[in-house]
1. Check the chain and count each lysine pair with an alpha-carbon distance under 25 angstrom, considering only pairs eight or more places apart or from different chains.
2. For the chain, give me the percentage of DSSP beta bridges that are antiparallel, rounded to the nearest 5 percent.
3. Taking Rh as the Kirkwood radius, which is the inverse of the mean 1/r over Cα pairs, what is the Rg/Rh value for the range 148-297?
4. Net charge near Leu198, counting Lys/Arg +1 and Asp/Glu -1 over other residues with Cβ under 12 Å of its Cβ?
5. Of Pro16, Leu225, Thr281, which is farthest on the positive side of the dipole of the chain, counting Cα position, with +1 on Lys and Arg Cβ, -1 on Asp and Glu Cβ, and the Cα centre as origin?
6. For the range 226-349, calculate the relative contact order in percent as a whole number, restricting contacts to Cα pairs under 8 Å that are 6 or more residues apart.
7. Can you order the peptides 277-286, 164-173 by their average number of other Cβ atoms within 10 Å per residue, highest first?
8. Please turn the phi angles of the range 94-103 into ³J(HN,Hα) values with the Karplus equation 6.51 cos²θ - 1.76 cosθ + 1.60 (θ = phi - 60°), one per residue in order, whole Hz, x for glycine and proline.
Amino acid sequence: MRVDETGYLNGRSAWPVRLTRMGFGAAPLGNLYRAVSDADAQAALDAAWGAGIRYLDTAPQYGLGRSEMRVAAALARFGRDGVTLSTKVGRLLEDCVPEDVTPEAFVDVPQKRIVFDYTYDGVMRSFEASAKRLGTEQFDILYIHDIDAGTHGAAESEAKLRELFAGGGYAALDELRGSGTVGAIGAGVNTWPICERLLGEADFDGFLLAGRYTLLEQEPLESLLPLCVARDVGIVLGGPYNSGILATGAVEGARYDYAPAPSGILARVRRLEAVCAAHDTPLIAAALQFPLAHPAVKSIIPGAANAAEVAANVEVFETVVPDALWADLKGEGLIRPDAPIPGEVSHAA
């Protein structure tokens, strides 16, 4: 498998959205957990481009606009036509006093605060602000960002869904898609049931699902992924390492879902590591390649903060993983027996 292999988000959109099998998740370029220099950020983007990666994903949240602005500098070099670009709506960035800055997990951010707004006006304002930061008014994919209960809590998430549908946010997305300004619309979320909920309400082209279909978690096999195949809705998988632990292994300080990994997860990862070691295969390589075996999953977008991390992602993506490893993971009960494994399915280019 090569990073520059391509396919489409789905086969039914009026504007076909072409994706490389590995994309570039630009959250680290917003200074996620640690500061990243402009030089390292641009070197990472150049390394991705040089490796054949043509799908870039960013969002206003990532560094309160910093990631989008860094991606914009790369787009000026690469040319907009050669890149598949996605960003997100739902978070407006407003100037504020220093004590009101909302950096979340990002450091060294501009003096901005986040205001959630999924209404018609909020979506349009978010789109226009991203267009200005990125230097383009054409987006291949526009995702609703973090409308799930994992971000807002159950009650507040319901209120946000009312903003989206009764308040006109979805109408704004559909308008942008209908005008040809945006090729596809979807949601970028950290939980999978919200994707089913959204598909029950309206027409979406794809979802960016972070960390929910991995070597550690396969619950979406129950209903979401079969539904996406039946409806021709593509999945872009973010967070393939579950926030880090599937890249680092069960080391001290390993992170799972943006927090220190609990003991049960550490134990399961040790078992995964043991099977991988028996086949002389890095755990990170198995973690990166496993989700793409499912026909609903069209691209995977690990993050990177510098050129070396991009090179490492490319190397593990293209590592040959023995078929026997997947069989042993199933035999050990570490992945579900109904989970597709690499080599079982093909993806049309």
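1. 7
2. Antiparallel bridges make up about 25 percent of those DSSP assigns within the chain.
3. 1.04
4. Local net charge: -2.
5. Toward the positive end, the furthest listed residue is Pro16.
6. Reported relative contact order: 29 percent.
7. The densest-packed peptide leads the list: 164-173, 277-286.
8. Once rounded to whole Hz, the list reads 10, 4, 7, 6, x, 6, 9, 4, 10, x.
Every number here is computed from the coordinates shown, using simple stated rules; none is lab data. Computed from a predicted model, the values in this text were never measured in an experiment. Neighbour counts run over all protein chains shown; Cβ positions are idealised from the backbone, glycine included.
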